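The values are calculated or read from the model by the stated rules, or taken from the named source; none is laboratory data. Model, not experiment: these values are computed from the prediction. As a convention, Cβ positions derive from the backbone with ideal geometry for all residues, glycine included, and neighbour counts pool all protein chains shown.
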Amino acid sequence: MILNRLDEDEISFSTNLLEKLEIYRPKLTPILDDVVEIDSLDTLLDYYNNLILRWSAMTVVFYVPQQESASQERKKLFEYRVMCEKYTEKMYKVFDQYWEKYEKKYTDIKTLISIGEIKEYATTGTLDYDTIKKRQT
């Protein structure tokens, strides 16, 4: 695994990774901290896009081993991981909250709706409820 082979490039790798993660954190934490509410499909899609881009990079951080003898760079990554772990459970609840508050007629299928269907719904204003509902069985 790459994290076990880092040496002279470790500082550059760690710095670049944290910089990439920090691009998305300010866009997500106000929502995850309940400071900003998602109140439209466009905002929900924006949240989703930022979440996916950040989560891709965050995956690497979750594989950083916690070792007392770890380098300063690995300790920074681990500290960042600890700071962000509190949001893991909330990330997906944001979707539920949106559907329950703004799209109540779809709450029974909210976990079955794909991101493509959300994009289509944002554009056309329609969801194929019956088709989506069939996924439940």
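Here are the numbers for the structure shown:
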quantity: Cross-chain or 6+ apart pairs with Cβ under 8 Å, the range 16-28 first and farther than 12 Å from Cys84 by Cα, then among the acidic types (Asp, Glu); calculated: Lys27/Asp46
quantity: Helices (runs of 4 or more DSSP H) completely within the range 31-137 that count 2 or more residues being of a type in the set (S, T, N, Q) and under 17 Å from the mean Cα position of the chain (by Cα); calculated: 41-62, 88-102
quantity: Any chance Lys27 is in a helix (DSSP H, G or I), surrounded by 12 or more Cβ atoms within 10 Å (Cβ to Cβ), in contact with a helix residue (DSSP H, G or I) (Cβ under 6 Å, 6 or more places away or on another chain) and modelled with pLDDT of 90 or more; calculated: yes
